[in-house]
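Student: Below is a structure I'd like to ask you about.
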Amino acid sequence: MDNPISKFKVWWQDSQANSPLNQKNAVCVSTLDEGGFPSGRFVDLKAVSDEGFVFCSYMDSEKGKQISHNSKSAMTIWWDHVGYQVRVIGHAKEISKIEADRFWEKRTRSAQLTTSAFEQSAPLESESLLETRLQKASIKLDGQPVPKPDNWGGYVIKPVSIEFLTFRESRLHLRELYERTDGYWSKQLLQP
Ligand SMILES: Cc1cc2nc3c(=O)[nH]c(=O)nc-3n(C[C@H](O)[C@H](O)[C@H](O)COP(=O)(O)O)c2cc1C
């Protein structure tokens, strides 16, 4: 397959079928801090298109601040049950407010309430505040729709390269590297 986005969609679908995973869409997104240290964390992959790979978060979280300083990002996936590794390198940018609103609407009320109750990545004085803050938000918004906080939205990682690795017990892994130059994808096999 010559288009890595189409290939990714097939692999994503494969990974979902009979998946033993609880968090089927968890992917590791890495960003860079101002000192140049990489910082990785798992997020939920929400969508993929020719534009790139979309996840949602708080824009003023640690990752959000890092992306605003340096858009260079990576997304790494390992789906053990199908033996697929995917490595994406690209530039992250905010999705539009309209798109973010759409993702917000798809969230469960409980996820919306939790999102509204916290400032992601800020210090927390005690564990008991987790429940207290959530309760406060639930009482405040009882019977009303939960508005999307202004600091919540999404990012799309626009890929410059995507590597697909098919794991083989023999260690003869198949590595297919796609690189984008001037809007065109080229493909190269790599030694395992
Ligand atoms: C399986 C899983 C899925 C997660 N999904 C998200 C997500 O979609 N968005 C998000 O902001 N954080 C998500 N988190 C929490 C992040 O891993 C991370 O703790 C949080 O975003 C704060 O990261 P930061 O301080 O580097 O910004 C998820 C964690 C796990 C373990």
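Student: Please identify, among G40, G143, G52, the residue showing maximal mean-square fluctuation in a Gaussian network model of the chain using a 10 angstrom Cα cutoff.
Tutor: G143
Student: Tell me, what is the percent relative contact order of the chain, built from C-alpha pairs under 8 Å that lie six or more residues apart?
Tutor: It rounds to 23 percent for the chain.
Student: On a 0 to 90 degree scale, rounded to 10, what angle separates helix 97-106 from the longest Cα axis of the chain?
Tutor: Taking Cα atoms only, the helix is inclined about 80 degrees.
Student: Angle, helix 4-16 long axis vs. longest principal axis of the chain, Cα atoms, 0 to 90°, nearest 10?
Tutor: Roughly 60 degrees between the two axes.
Student: Given DSSP loops and a limit of at most 11 other Cβ atoms within 10 Å, what is the longest stretch of the chain that contains no such GluC sites (Glu not before Pro)?
Tutor: 35-124
Student: Which entries of K93/K140; K65/K136; K148/K187; K9/K140 have Cα-Cα distances beyond 29 Å here?
Tutor: K93/K140; K148/K187; K9/K140
Every read-out reported here was derived from the displayed coordinates using simple, explicitly stated rules and does not represent laboratory data. Everything numeric here is computed off the predicted structure, so don't read it as measured data. Note: ideal-geometry Cβ built from the backbone for every residue, glycine included; neighbour counts use all protein chains shown.
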